[in-house]
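Participant: Could you have a look at this structure, given as structure tokens, before my questions?
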Amino acid sequence: MLIASFKQNIDLYTVENNPFKFNLPPTLEHIRFLFTQTRFVRWLGNTALVGAIVVVITLLLAVPAAYALTRLTGRWGQRLGIAIFLTYLIPPTLLFIPLSRVVALLGLQDSIYSLVLVYPSMTIPFSIWLLMGFFKSIPRELEDAAMVDGLTRFGAFLKMVVPISVSGILTVVIFSFTLVTQEFVYALTFISPEANQMVGVGVPIFLVRGDVYYWGALMAACLIASLPIGIVYNLFLDRFISGFTVGSVK
Amino acid sequence: MAIVETRHLTKVFKQGELGAVNDVSLTTHEGEFLVFLGPSGSGKTTLLRMIAGLETPTSGEILIGGSVVNRLSPRERRIAMVFQSYALYPHLTVYKNIAFPLKAQGVPKDQHRKKVEWAAGLLGIGRLLERKPRELSGGERQRVALARAIVREPAVFLLDEPLSNLDAKLRASAREELERFHGSVGTTTIYVTHDQVEAMAMGDRIVVMNFGEVRQIGTPAEVYDEPADTFVATFLGSPPMNLVERDEVIVGFRPEHFFPVSVLAGRAAIPEPMRAADREGPYVPVGLRVGHEEYLGAERIVYGSIEGGPFHGKTVVSRLASTLTLPFDAGGVHAFAVSERHLKFYDRSSGKRTTPRSVAWR
């Protein structure tokens, strides 16, 4: 991907050339094309905005919901959690038709907010299920102790449960954001104007014209779009795998 | 410091089922070390959690320091609790763990360090303040949990089996430390355990519980020497009290009060205290068919069954000091005896203590 982004077209299309090295001098032509001839920057911005809003909505709803389901409703919480998770398994290809009616009814067609509305329906169930696993691993006695020590239940939740399950919450953030950047069906069906596209749809639509593939620009677009997520993943990798609660209880 | 009182306290978890705690009324003394003792599922932890405010009672009242606290949340009850698992906050250092209650209760920040250092000093963990809980040993964690409990000088301490996660050796020293700690702080303490040794060693009084009910409240000597019913009689003591039944009555006697007749006659070497305590008669002679014997170093446990008389065939145990070297051959019948004043009588249907009566043993 990296090499293809900077290869001249002639280099790229000559079958005899070694694909793993620059046979001709590298070029910034594709990057320039991407930033001047398409609305790639705008798409990136749309994606980032939708991603951020979706992440916030997901956290606001999934964290308290998962906590309530793990702690307060006893045996039914677990079943309800599974039921919620099952809704996640319904594929978007089935749902986009009824959802497009909903979007149209709300007057959100062609707006990025249609996606802000729809994406949480996929991120929240999965996040609830994921967070329930994290919250379950937090011993109840920790919250009891925090409440005896002077916090309200909500305080104990904010100051104990959330900091301890920070790796779970980060996982949710990254999962939701990744989903927003890569989702295709909804982004394709709900939004047509070029300026409002998400990066995952705008790039293939506008860089594949008929049967002409702008391979260099496509690769460059993918590279740029995936870099931030790659960096974030690597930054928090240790958080994902760290046994964070070890030692609190025996 | 305060007195804790419960009035007809009941907790039912599932409608229609027997309560986890049933109609418990008890009152602590000022500065007392009160132990809730019972097997698992006896409701002792539920009772403690209700006093802490972590469970809502189904009915009944809880009073701390003379006022009803049923409607107060845990943080408003001026209690401190040490949990079985210690429940140290894993993401905070020891210092922050200990300072946590101060912070949560809005104690001005400039007082924190002084108080934390006082509490840490009292428990000898001053050098651990910058560590995280996972870097501590079991004993150190327990001390941190205690320091966190005392730092805000609560009215009542609630301890939920704090020693059960320690290994046997550490447990003995931690027990001693807890006793010393209670002695120096003098705060009313309620301690939950299923370990009768802990209860006997530490408690000013013991509340013996079973199936959510209080079976007996008394000093360690009272509950051991004068058990109120057959449950208390068999739960305390290892091996438990011998119980043999006949008609409407159950006769009980401690294994240590049941020994060979030869001991009485002074024919075998026996430790002086035992002889002195049991010098007075009259004695009930009992034939014992010896089954097997366990040698435990300091003592010998002889298992067998009564031979002859109305109690023929009933299994009984004798606990002898191992300084008594008299040999017992398995299968043989030996002349044993028990002092009449050590016999306890229980009603067979209710299990409750009844008046002494004469029982024909032959």
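The values are calculated or read from the model by the stated rules, or taken from the named source; none is laboratory data. On a predicted model such as this, the values are computed, not experimentally measured, just so you know. Because the Cβ atoms are built from the backbone with ideal geometry, glycine has one as well, and the counts that use them run over all protein chains shown. Keep in mind that these areas ignore ligands, DNA and RNA; they rest on the heavy atoms of the full protein, side chains included. Shrake-Rupley method; radii C 1.70, N 1.55, O 1.52, S 1.80 Å.
Participant: How far is it, in nm, from the label point at A:Ala68 to the one at B:Glu135 when both lie 7 Å from their Cα along the line to the Cβ?
Facilitator: A separation of 4.0 nm, rounded to one decimal place.
Participant: Residues of the stretch B:95-139 with accessible area at least 30 Å² lower in the all-protein-chain context than alone (1.4 Å probe)?
Facilitator: B:Phe100, B:Ala104, B:Arg134
Participant: Follow-up question, since we're still on this one. Report, as an integer, the average count of C-beta atoms from other chains found within 10 Å of each Cβ along B:73-86. Display every interim value, and only then the final one.
Facilitator: On the way: counts 6, 11, 9, 1, 1, 0, 2, 3, 6, 2, 8, 4, 8, 7.
Partner-chain Cβ atoms within 10 Å, mean over residues of B:73-86: 5.
Participant: To continue, here is another question. Express the relative contact order of the stretch B:4-225 as a whole percentage, based on alpha carbon pairs under 8 Å and six or more residues apart in sequence. Before the final figure, lay out the partial values.
Facilitator: Details: 415 pairs, mean separation 67.1, N = 222.
About 30 percent, as a whole number.
Participant: The stretch B:89-197: D in µm²/s via Stokes-Einstein (Kirkwood Rh, Cα pairs, 25 °C, 0.890 mPa s)?
Facilitator: Values: Rh = 14.4 Å.
Using the Kirkwood radius from Cα pairs, D works out to 171 µm²/s.
Participant: Also, quick follow-up: Per residue, what volume in Å³ does the convex hull of the Cα atoms of the protein assembly as shown enclose?
Facilitator: Details: hull volume 160.0 nm³, N = 612.
With only Cα atoms used, the protein assembly as shown gives 261 Å³ per residue.
Participant: What 222 nm value per residue comes from the helices of chain A, counting each DSSP H run with n ≥ 4 as -39,500 (n - 2.57) and dividing by all residues, nearest 500 deg cm²/dmol? Don't jump to the answer; show the numbers that get you there.
Facilitator: Working: 15 runs with 173 residues, N = 250.
Using -39500 (n - 2.57) per qualifying helix, the result is -21000 deg cm²/dmol.
Participant: With springs only between Cα atoms under 10 Å apart, run a GNM on chain B and tell me which of B:Gly331, B:Gly237, B:Gly287 wobbles the most.
Facilitator: B:Gly331
Participant: Please report, in whole Å³, the volume per residue of the convex hull around the C-alpha atoms of the stretch A:30-159.
Facilitator: Numbers: hull volume 21.6 nm³, N = 130.
Hull volume over Cα atoms, normalised by residue count, gives 166 Å³.
Participant: If the elastic network links every pair of Cα atoms under 10 Å, which of B:Tyr191, B:Tyr295, B:Tyr224 fluctuates the most in the Gaussian network model of chain B?
Facilitator: B:Tyr295
Participant: Let me ask another. For the stretch B:4-225, just the Cα set please: Rg and Dmax, both in angstrom.
Facilitator: 17.3, 53
Participant: Computed FRET efficiency, Cβ-Cβ of B:Leu326 and B:Asn70, R0 51 Å: what is it to the nearest 0.05?
Facilitator: Working: r = 60 Å, r/R0 = 1.17.
E(calc), rounded to 0.05, equals 0.30.
Participant: Taking N as the number of residues in the stretch B:88-129, what value does Rg over Cα atoms divided by 2.2 N^0.38 Å take? Numbers along the way, then the final one.
Facilitator: Numbers: Rg = 9.8 Å, N = 42, 2.2 N^0.38 = 9.1 Å.
It is 1.08.
Participant: Build a GNM of chain B with springs between Cα atoms under 10 Å: which of B:Gly31, B:Gly126, B:Gly212 gets the top mean-square fluctuation?
Facilitator: Maximum fluctuation in the GNM of chain B, among the listed residues, is at B:Gly126.
Participant: Note down, for the stretch A:101-156, the three equivalent ellipsoid semi-axes (square root of 5 times each alpha carbon gyration tensor eigenvalue), biggest first, whole angstrom. Don't jump to the answer; show the numbers that get you there.
Facilitator: Working: eigenvalues 308, 38, 9 Å².
Semi-axes, largest first: 39, 14, 7 Å.
Participant: At 7 Å along the Cα-to-beta-carbon direction for both A:Thr178 and B:Ser164, put a label point, then send me their distance in nm to one decimal.
Facilitator: 4.1 nm
Participant: Rounded to the nearest 0.05, what FRET efficiency is calculated for B:His8 and A:Trp76 with R0 set to 35 Å and r the Cβ-Cβ distance? It would help to have the intermediate numbers written out before the result.
Facilitator: Numbers: r = 31 Å, r/R0 = 0.89.
Efficiency, from the Cβ-Cβ distance: 0.65.
Participant: OK, next. Counting only other chains, and only Cβ atoms inside 10 Å, what mean value do you get across the residues of A:162-170?
Facilitator: Working: counts 0, 4, 4, 0, 1, 0, 0, 0, 0.
Going residue by residue through A:162-170 and averaging, the value is 1.
Participant: A further question on this structure: For chain A, count the residues as N, evaluate 2.2 N^0.38 Å, and divide the Cα radius of gyration by that value, please. Could the numbers behind the result be given before it?
Facilitator: Details: Rg = 22.4 Å, N = 250, 2.2 N^0.38 = 17.9 Å.
This ratio for chain A stands at 1.25.
Participant: Taking only the C-alpha atoms, wrap a convex hull around the stretch B:51-94 and report its volume per residue in Å³ as a whole number.
Facilitator: Numbers: hull volume 4.5 nm³, N = 44.
Spelled out: Cα convex hull of the stretch B:51-94, divided by residues, is 103 Å³.
Participant: Using just the helices of chain B, give the 222 nm mean residue ellipticity in deg cm²/dmol: DSSP H runs with n ≥ 4 each add -39,500 (n - 2.57), and the total is spread over all residues, rounded to 500. Show your work: numbers first, answer last.
Facilitator: Details: 10 runs with 92 residues, N = 362.
It lands at -7000 deg cm²/dmol.
Participant: Going by accessible area, probe 1.4 Å, with all protein chains left in place, what is the ranking of B:Thr325, A:Thr178, B:Thr27, largest first? Walk me through the numbers before you get to the answer.
Facilitator: On the way: B:Thr325 110, A:Thr178 30, B:Thr27 65 Å².
Putting B:Thr325, A:Thr178, B:Thr27 in descending order of accessible area: B:Thr325, B:Thr27, A:Thr178.
Participant: Turning to a different aspect of this structure: Rounded to the nearest 10 degrees, what's the angle between the helix B:138-150 long axis and the longest principal axis of chain B, both from Cα atoms, 0 to 90?
Facilitator: Taking the Cα atoms of chain B, the angle to B:138-150 is about 60 degrees.
Participant: In whole angstrom, note down how far apart the Cα centers of the stretch A:67-123 and the stretch A:198-215 are.
Facilitator: 29 Å
Participant: Based on alpha-carbon centroids, what's the gap between the stretch B:282-306 and the stretch B:181-252 in Å, whole number please?
Facilitator: For the stretch B:282-306 versus the stretch B:181-252, the Cα centre distance is 24 Å.
Participant: Give me the distance in nm between label points sitting 7 Å out from Cα along the Cα-to-Cβ direction at B:Leu296 and B:Glu222, one decimal.
Facilitator: 2.6 nm
Participant: Let me have the relative contact order for the stretch B:56-139, percent, based on Cα pairs under 8 Å that are six or more residues apart.
Facilitator: It comes to 29 percent, rounded to a whole number.
Participant: Debye calculation, C-alpha points only, no solvent: report log10 I(q)/I(0) for the stretch B:279-362 at q = 0.13 Å⁻¹, in the same order as the q values.
Facilitator: Each listed q maps to, in turn, -0.49.
Participant: Any idea what the alpha-carbon Rg over 2.2 N^0.38 Å comes to for the stretch A:99-230? Present the calculation step by step, with values, prior to reporting the outcome.
Facilitator: Numbers: Rg = 20.5 Å, N = 132, 2.2 N^0.38 = 14.1 Å.
That ratio works out to 1.45.
Participant: Summarise the long-distance tail of P(r) for the stretch A:71-122 by giving the % of C-alpha pairs beyond 15 Å. Present the calculation step by step, with values, prior to reporting the outcome.
Facilitator: Values: 751 of 1326 pairs.
Counting every Cα pair in the stretch A:71-122, those more than 15 Å apart make up 57 percent.
Participant: Of all accessible surface on chain A at a 1.4 Å probe, what whole percent is carbon and sulfur?
Facilitator: On the way: 8920 of 12620 Å².
Roughly 71 percent, rounded to a whole number.
Participant: If you build the convex hull over the alpha carbons only and average its shadow over all orientations, what do you get for the stretch B:1-130? Give it in nm² to one decimal. Don't jump to the answer; show the numbers that get you there.
Facilitator: Details: hull surface 39.0 nm².
With every direction weighted equally, the projected area is 9.8 nm².
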